[in-house]
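Report on the structure given below.
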Amino acid sequence: MTALPTRSGLIFNLARPAAESVNIAADISVALSLAKRFSGQAGAADIGYSVAQHCCLGADVLAAETGDAALAFHFLMHDAHEAYCGDLTTPLVSAVDAVAEEISFGKSKGLMRDAIRVLKARIDGAIFSSIGVTYPPSPEISAAVREMDRRMLHYECVRLLPTSGFRLDGGAPPPKPIEGLAPLICWTAADAAQSWRLRFLAWLDAAAVKS
């Protein structure tokens, strides 16, 4: 069974997602505000640190640094699929891939990681189709979003994870630091959802024109 009932009353097919099953305001913004980064292991003990806040903060940095509303929009949306599949953390994906390889005696190496990547891309494709923005974005936009995500990960690890010095990026050289966001204060779910929606509305037209 791949059908997921949503808050708005729509049925979202995770394996074969469709644009008509997407509701940005009722389903995506709220779900992202309730989904927690780092599997809920970071941030304030009572509210955690949400995917929605992560997307808002990174988008704000890109907007401030580049003045490019379309680029900021794409960062805001880069985890939108998690409204339906949850935040599949890098350690979880790596663990699932490793276990699958183990129980298949090496025959499925990388298969689970690839399947998750395709699943996320299908969901994102349906979401972007529902709002009239081209997907996937250009290689330049994709590269900028990935780098901003890496910068945010480093920033969040330093400020939110209790294990001093731990890195989730495999010890790669530190990215360009993010200035002006410290201290990182976790938003409530209601504030995160509203903040995400406001940015979505503010930048959507720019993204649609540029796509």
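Derivation of every value follows stated rules applied to the coordinates shown; laboratory data play no part. Every value quoted in this text rests on a predicted model; they were computed, and no experiment measured them. Here Cβ is always computed from backbone atoms with ideal geometry, including for glycine, and neighbour counts include all displayed protein chains.
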Might you let me know whether the range 7-27 holds any residue that is among the hydroxyl-bearing types (Ser, Thr, Tyr), crowded, with 21+ Cβ neighbours inside 10 Å and not in a helix (DSSP H, G or I)?
no
How many residues does the range 89-134 hold that are assigned to a helix (DSSP H, G or I), small (Gly, Ala, Ser) and touching a residue at least 12 places away in the same chain (Cβ under 8 Å)?
7
Residue list for the range 68-123, restricted to those being of a type in the set (Ser, Thr, Tyr) and touching an Asp or Glu at 6+ places or on another chain (Cβ under 7 Å)
Ser108
Looking only at the range 49-64, which residues are touching a Lys or Arg at 6+ places or on another chain (Cβ under 7 Å) and either surrounded by fewer than 18 Cβ atoms within 10 Å (Cβ to Cβ) or under 16 Å from Glu82 (Cα atoms) (or both)?
Tyr49, Ser50, Val51, His54, Cys56
Single residue of Ser129, Ser138, Ser142 found to be surrounded by fewer than 17 Cβ atoms within 10 Å (Cβ to Cβ), under 25 Å from Val51 (Cα atoms) and either of a type in the set (Lys, Arg) or under 17 Å from the mean Cα position of the chain (by Cα) (or both):
Ser142
